[in-house]
């Protein structure tokens, strides 16, 4: 069934000469990498096609490449591919009704289909892993630059292969990329993990000021004054949330920061043992069982979300104690 979907995706790519690739708002490296890599794959194999990767760029991810600006009204017979996003209300800069056909490639859980063709595998470490599978299960060709993007997307979304979504298939595909394209890993890791001293000081601030209760729920609200003092941006906290995976007192931890430009509170949530994506979905968010996020309009909603996460931690601790 999966192999049939790989072939169906390539068939549709061949069918359309105008292709737009979009991903979720507030992108992480896997979203950016999968989007740009897929654009480059299509252009590499079908140079005559017009292929666009759209959405707002995040400056710290510019090493993946640039994005495109288009006027969707000028598209006449276009294919839309959305990557790393389960729902259309979280897609950045693309509107479903402007397209003749839609495809989704994703690894997030979703209860209902939203596209004409969907390749969804919740056991996959990342969307970049799925696109790597697409390449190795079809006649699509890639080059070293594309392989590097796919590798970095897999590494970041698996948190350096530490998360439970990492499987034997993940390692096998990465081994293929390393062998076939002679990847030099050190420069790639430098792109991903190199941080300025201000960011390291900001991380220390979070450690020193995050509140952790008796049930292992840790949380912090980061205001814009603090962000300015450390000379970082509002997305910095979300980029370092996985660094807290090994604080043994934590079961669930959440960071809240306010994006003035968008007028929303961005919440990043991680968990070691407690399922959190169902909670995030109740607060205009979602994600994986142990890695989710939400975007809220008021601080009261932030408090409600934190209370729900705290309650989930309490329930987990009680069940663990009873057993």
Inset, instruction - Give, in nm to one decimal, the length gained when the segment between residue 246 and residue 303 is fully stretched (0.36 nm per residue of separation minus the Cα-Cα distance). - result: 18.0 nm
Inset, instruction - Give me the number: length gained by fully extending residue 201 to residue 260, i.e. 0.36 nm times residue separation minus the C-alpha to C-alpha distance, one decimal in nm. - result: 19.0 nm
Inset, instruction - Evaluate the distance, in nm, between pseudo-label points positioned 7 Å from the Cα of residue 110 and of residue 214 along their respective Cα→Cβ axes. - result: 4.3
Legend entry - Extension gain, residue 17 back to residue 182 (0.36 nm per residue minus Cα-Cα distance, nm): 56.2 nm
Inset, instruction - Please tell me the relative contact order of the chain in percent, rounded to the nearest whole number, where contacts are Cα pairs under 8 Å and at least six residues apart. - result: 12
Inset, instruction - Express the Stokes-Einstein translational diffusion coefficient of the stretch 2-192 in µm² s⁻¹, to the nearest whole number, given a Kirkwood radius over alpha-carbon pairs, 10 °C and a viscosity of 1.306 mPa s. - result: 97
Inset, instruction - Compare 287, 216, 196 in a GNM of the chain, Cα atoms joined below 10 Å, and give the one with the largest fluctuation. - result: 196
Inset, instruction - Among 49, 248, 96, determine the one that fluctuates most according to a GNM of the chain built with springs between C-alpha atoms less than 10 Å apart. - result: 248
Legend entry - FRET efficiency for residue 144 and residue 56, using Cβ-Cβ distance with R0 set to 41 Å, rounded to 0.05: 0.90
Inset, instruction - Between 269, 212, 146, find the one with the highest GNM mean-square fluctuation for the chain; connect C-alpha pairs within less than 10 Å. - result: 212
Legend entry - Average Cα contact separation per residue, the stretch 223-271, under 8 Å, 6 or more apart, as relative contact order %: 35
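Quick note: the coordinates plus some simple rules give every number you see, no bench work behind them. Only a predicted model underlies this, so the values are computations on that prediction, with no experimental measurement involved. Positions of Cβ are backbone-derived with ideal geometry, glycine not excepted, and every protein chain shown enters the neighbour counts.
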